[in-house]
Structure formats: C-alpha cells, structure tokens
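Following: one structure in structure tokens, then a few remarks.
The values are calculated or read from the model by the stated rules, or taken from the named source; none is laboratory data. Quick caveat, the model's predicted, so the values are computed rather than measured. Here the Cβ positions follow ideal geometry from the backbone for every residue, glycine too, while neighbour counts run over all protein chains shown. What goes into the accessible areas is simple: the full protein's heavy atoms, side chains included, and nothing from ligands, DNA or RNA. Shrake-Rupley method; radii C 1.70, N 1.55, O 1.52, S 1.80 Å.
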Amino acid sequence: MNFEDYRGVWVFIEETDGKIAPVSLELLGAGRKLADKRGVELGGVIIGENVKRLASEVYEYGADVVYVYDAPIFKDYRTESFMKALLDCCEKHKPEIILYGATSTGKDLASAVATDLPTGLTADTTELDVEEDTGLLLASRPAFGGNIMATILCKKYRPQMATVRPKVMKALTREPGRNGKLVEEHLPLKEEDVRTKVLEIVRMATKKVKIDEADIIVAGGKGLGSSDGFQLCHELAETLGGAVGASRDVVEAGWIEHHHQVGQTGVTVTPKIYFAIGISGAIQHIVGMKNSGLIIAINKDPDAPIFESCHYGIVGDAFEIVPMLIDQFKNV
Ligand code: FAD
C-alpha cells in the first residue's frame, strides 16, 4: 500500500429528514484542524436522496470539497448501499482519514467499511490529532473504565478511520457564502443488489430532547425507589427543557428504555448541566457523564461516591429537594 496515494481528510455527513446531524458539523470542525495541519483538503461525503442541496451547508461549516451520491436507492440508510457508495468513493479519491459520528448509523457504516477495505477503525474517540509529516492519525478514547486515555494508531492501512462521540468536538462558526468543489458521483446500484429493504419507519412518539444532543440532562437512579418516583426526573427535565438520563439499574428495573442509560454500557454524554438524582456514582456510570460542564448530585447518603465526581452536591431526600427545584425553576 503506497500511503502517498492517499490524501485528504473526510467526514461522513449524516443526514436525517433533510437535516445534517449536529455531530457531522462538529466533525467538520475537528476535520478542518487535521486537514490544515496536514496541508490537505477537507471533504464531506453525503449519501442520500435529494441531498445535493446540503453541500452548501457543508462548505459553510469548513469543507473544501463535497462528494455526493444522490439517488433514490439511497433514500433510507441501509448498511449495504451506503457502504458500497463509500467504498466506491474511497477507491476513486483515496482519503487518508475518514471520520464518522459515533451514532448508530456512523458506527454501523464505519465498521462495515473497515471490514471490507480492510482497514482499522478506532471507535468512540474523544480526542483527535494527526502527525504533520507522516499523516498518522492519533485517535484517543477512554479505556479501562475511563481510567486511562488510549491513543490508537493505524500504521499499516489507509484510510485511517475513527468514530467520534457526539458533543465532544466543536463545530466551526458557520461562514455564509463559503464555497467549495462539488464532486457528483454515481453508482450503478439496483434495488436487487441490496439485500435489505426498509418496509416502514416507525418514529418514536416523542417530542422530547435527545439525550446525546441535550444541553441539560436530568438523570435518575435506583434511589428514586420506583417507576412512579422516577417521574420526578421527567418533571424536572420538562421544566428545564432537558432530556432524561438513567443509571443501568433503573433501565434494568424497566423504569425507562435503554437508550436513556448513561455510562460504560450506555451512552456517553457531555451536557452543559447534568443532574444525578439518587445515583450512587459507580465508576461505570461516572465514565459516561464525567465530562459534563456542571454536575449537580442529589443523594441522601453523604458518603455516596457521586459526591466525589460532582461540582455541587446536595445531601438530602430527592423527594423533598426535586419538587422544590421544579417549583423554583417554574417561577424563573
Ligand atoms: P444504587 O447504586 O443502588 O444507588 C442508589 C443511590 O440512591 C444510593 O447512593 C442512595 O444513597 C441514593 N438514594 C436512595 N434513596 C434516596 C432518596 N430518597 N433521595 C436521594 N438519594 C437516594 N451503571 C450505569 O449507570 N451505567 C452503565 O453503563 C453501567 N454499565 C455497567 C457495566 C458493567 C460491566 C457493570 C459490572 C456494571 C455497570 N453498571 C452501569 C452498574 C453500576 O455498577 C451500578 O450498579 C449502577 O450504576 C448503580 O445504579 P444506581 O446508582 O441507580 O443505584
């Protein structure tokens, strides 16, 4: 493999209902820095139906070039069709780095592409850098339960690939009118070439804020006693316009669905404010929320480990304190 044939940093641009996912804009910000350090172009890859019009937004957030696969076959995300498009793009344009959001789509696509190329993939990264002269991507992520940061290198293959957690990188300020180069690609892919069909998309009947995009998260633990007690978290979250999070024990008790679980085996979140209510503060929970801007813990046990990982701690009964907070915030 001749590494000199591979140039440029790419971001896979994730799109849903005609809107670019916030994490893709964040990755354009991160990708810009890597591309500048290397002196190469930053590219965005958009795959979908009626997505060409998104290119202008991708330039305005930092890309120099946009590769588009715009066809009805790409209407819904399917691993196989998207993977084939991306593989085709890699073969034609040979990027040295590809970044994906660590979302369900990004993780699925990145692992499929990595297997087929083949190349390495660093999952769930939180820090990115690149060696200026060699182009080696330094992709770092928490390891061993969040106790160390591991920097993972892909020395033998190109492109080097990483999925990056949402809300860790910063999007650039949008630069209206910033332009770039559009590369329209076509793949002669037929419906019968794709083994899966999307029969129906059932949207979750919720207008609630998504946990990985929320600025405020109200997370509850087993200390809330029951599914009824856990409703306090929903009430406070609604009052503040935030999302609801939970510990694993709460999810296992069936008080809320798994995608609300924060921690090692749930999601990693970095909201501006994180309330931990009736959560003891097990390391597996802490690794998922410790980078939040402001952590406020409410626990009736003054020795609960959560108090070692919070900025403000309130020792007391959640059933007395949370209703008071709700009252106060409603009056702000
Ligand atoms: P508890 O530990 O039971 O804590 C309840 C807390 O509520 C206590 O501190 C208590 O003092 C307090 N309390 C009780 N009553 C009140 C009240 N009225 N008012 C205020 N406070 C009150 N956990 C996660 O959360 N996320 C993960 O992703 C995760 N992954 C894991 C992976 C592995 C491999 C393993 C082994 C474990 C994992 N866990 C995870 C589980 C984790 O170890 C803990 O068991 C779990 O986080 C505890 O949940 P909790 O804090 O809700 O419950």
Checklist entry - Going by the conditions given, is residue 292 within 20 Å of residue 244 (Cβ to Cβ), out of contact with any Pro (no Cβ under 6 Å at 6 or more places or on another chain) and among the polar types (S, T, N, Q)? => result no
Checklist entry - Restricting the search to segment 306-329, which residues are touching a residue at least 40 places away in the same chain (Cβ under 8 Å), under 30 Å from the mean Cα position of the chain (by Cα) and surrounded by fewer than 21 Cβ atoms within 10 Å (Cβ to Cβ)? => result 326, 329
Checklist entry - What are the residues in segment 31-62 that are surrounded by 24 or more Cβ atoms within 10 Å (Cβ to Cβ), of a type outside the set (Ser, Thr, Tyr), touching a residue at least 60 places away in the same chain (Cβ under 8 Å) and in contact with a Lys or Arg (Cβ under 8 Å, 6 or more places away or on another chain), if any? => result 62
Checklist entry - Mind checking which residues of segment 237-250 are assigned to a helix (DSSP H, G or I), away from the ligand (no atom under 12 Å from the Cβ) and buried (at least 22 other Cβ atoms within 10 Å of the Cβ)? => result 237
Checklist outcome for this item: Filtering segment 304-332 down to residues that are outside any helix (DSSP H, G or I), modelled with pLDDT of 95 or more and either β-branched (Val, Ile, Thr) or within 23 Å of residue 265 (Cβ to Cβ) (or both) yields 304, 309, 310, 314, 315
Next on the checklist: One residue is enough: does segment 288-303 have a residue meeting the conditions near the ligand (Cβ under 7 Å from one of its atoms), open to solvent by 20 Å² or more (accessible area, probe 1.4 Å) and either small (Gly, Ala, Ser) or part of a helix (DSSP H, G or I) (or both)?
Outcome noted: no
Checklist outcome for this item: Contact list, first residue from segment 245-256 and farther than 15 Å from residue 217 by Cβ, second anywhere and open to solvent by 20 Å² or more (accessible area, probe 1.4 Å) and within 9 Å of the ligand (Cβ to nearest atom), beta-carbon distance below 6 Å, six or more apart or interchain, is 249/222
Checklist outcome for this item: Here the residues within segment 146-174 that are in contact (Cβ under 8 Å) with a residue 12 or more places away in the chain, of a type in the set (Gly, Ala, Ser) and open to solvent by less than 30 Å² (accessible area, probe 1.4 Å) are 146, 162
Next on the checklist: I want to confirm something. Restricting to segment 196-250 and keeping residues that are polar (S, T, N, Q) and within 23 Å of the chain's Cα centre (by Cα), which single residue is farthest from residue 288 (Cα to Cα)?
Outcome noted: 206
Checklist outcome for this item: When (1) of a type in the set (D, E, K, R); (2) open to solvent by 70 Å² or more (accessible area, probe 1.4 Å); (3) farther than 23 Å from residue 70 by Cβ; (4) modelled with pLDDT of 95 or more are applied to residue 181, the one that fails is (3)
Item to check | Subset tally (residues that are acidic (Asp, Glu), buried (at least 18 other Cβ atoms within 10 Å of the Cβ) and out of contact with any Asp or Glu (no Cβ under 8 Å at 6 or more places or on another chain)) for segment 68-119 | outcome: 1
Next on the checklist: Checking the structure you have, find out if any residue of segment 215-227 is part of a strand (DSSP E or B) and open to solvent by 20 Å² or more (accessible area, probe 1.4 Å).
Outcome noted: yes
Item to check | So residue 231, is it outside any loop (DSSP other than H, G, I, E, B), more than 30 Å from residue 51 (Cα to Cα) and within 11 Å of the ligand (Cβ to nearest atom) | outcome: no
Next on the checklist: List pairs: first residue in segment 292-305 and over 27 Å from residue 166 (Cβ atoms), second residue near the ligand (Cβ under 9 Å from one of its atoms) and part of a loop (DSSP other than H, G, I, E, B) anywhere in the structure, Cβ distance under 7 angstrom, at least six positions apart or on different chains.
Outcome noted: 299/278; 300/316; 300/317; 304/280; 304/281
Checklist outcome for this item: The lone condition residue 253 fails out of (1) open to solvent by less than 80 Å² (accessible area, probe 1.4 Å); (2) in contact with a strand residue (DSSP E or B) (Cβ under 7 Å, 6 or more places away or on another chain) is (2)
Item to check | Answer residue from segment 261-278, given it is more than 10 Å from the ligand (Cβ to nearest atom) and surrounded by 22 or more Cβ atoms within 10 Å (Cβ to Cβ) and is farthest from residue 123 (Cα to Cα) among those | outcome: 275
